[in-house]
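A short worksheet on the structure shown next.
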Amino acid sequence: MTARPTTTAKHVAAERTTTAERATTTERAMTAKRAFDVAGGTLLLLALSPLIVGTALSVALGGGGGTGGLLRRRTVAGLKGRPFTMLTFRTKSPLAALPLLLHVVTGRMSLVGPCPLSPTHRECAGEGRRRLSVRPGLTGPWQISGRSDLPWEERELLDLHYVDHHWLGMDLLVLARTLPAVRRRRAARFA
C-alpha cells in the first residue's frame, strides 16, 4: 500500500505549482515588455535621429561640447543592481534625455520604469531594493506625476507601486501621458 499524501504535502505541492505559474507569467510579461522596448526604442531612435543630430550639434556649437564633451555621464543602478554609465546630452532641455534611447535598445533601460538612481542611493537598499527587479525607465509614473514637484517619498512610492503592478497597458498609459506632462512643465517654466 502506498501512503496518501498528507494535507500539508498537498498544500506544499499546490503552492509550488502556483509559484511556478506566477514565475512563467512574469517571465512572459518581461519578454513582451523587452520586445516592446526594443521595437519602440528603435522606432523612436530612427524617427528622432535628425533631432538627436541637431541637439548634438547645438550642444557642440553652444560650448557644451568643450572640455566636458557632448555627453554627461552618470553611474546608475540597472537591472538587479548592475551599475552602468547613463549618458545624456549636456543641455537642460528635455532633449538631454535623447541618448537614453540607446540604453533602452541595448537593454540597460526600459521605456517605462522606476527613476534611475545611483547604486549607492538609499532607495537601492532595504525594501527599496525591489526597484532593481526591473530596468530603470526613460519615463515612469514619477515623470507624469510632477517629477521635481513631488516629495521624494511620493516618488519612491510611485516607483515601488510600478514595480509591483506594472503591465504593458500601464506602460502605454504612462507613455501617452509623458509628452503632455513634459509640455506642461515647460510651459509653466516660461509663463
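Since every read-out is calculated from the coordinates, none of them should be taken as a lab result. Keep in mind it's a predicted model, so treat the numbers as computed, not measured. Please note: Cβ atoms are built from the backbone with ideal geometry, for glycine as well, and neighbour counts cover all protein chains shown.
Per 5 Å bin, what percent of the C-alpha pairs of the stretch 120-188 does each bin hold, from zero upward?
Answer for the stretch 120-188: a P(r) of 3, 16, 26, 25, 17, 9, 4, 0 percent.
Near the amide H of residue 75, under 5 Å away, which other amide H atoms are found, from residues 5 or more places off or on another chain, if H is placed in the peptide plane?
Counting only residues 5 or more places away or on other chains, the set is 86.
Can you give me the long-range amide H partners of residue 138? Hydrogens built in the peptide plane at 1.01 Å from N, cutoff under 5 Å, separation of 5 or more residues or another chain.
It is 110, 111, 112, 113, by chain and number.
Within 14 Å, Cβ to Cβ, of residue 74, how many net charges do the neighbouring residues add up to if Lys/Arg are +1 and Asp/Glu are -1?
After counting each charged neighbour, the total is +4.
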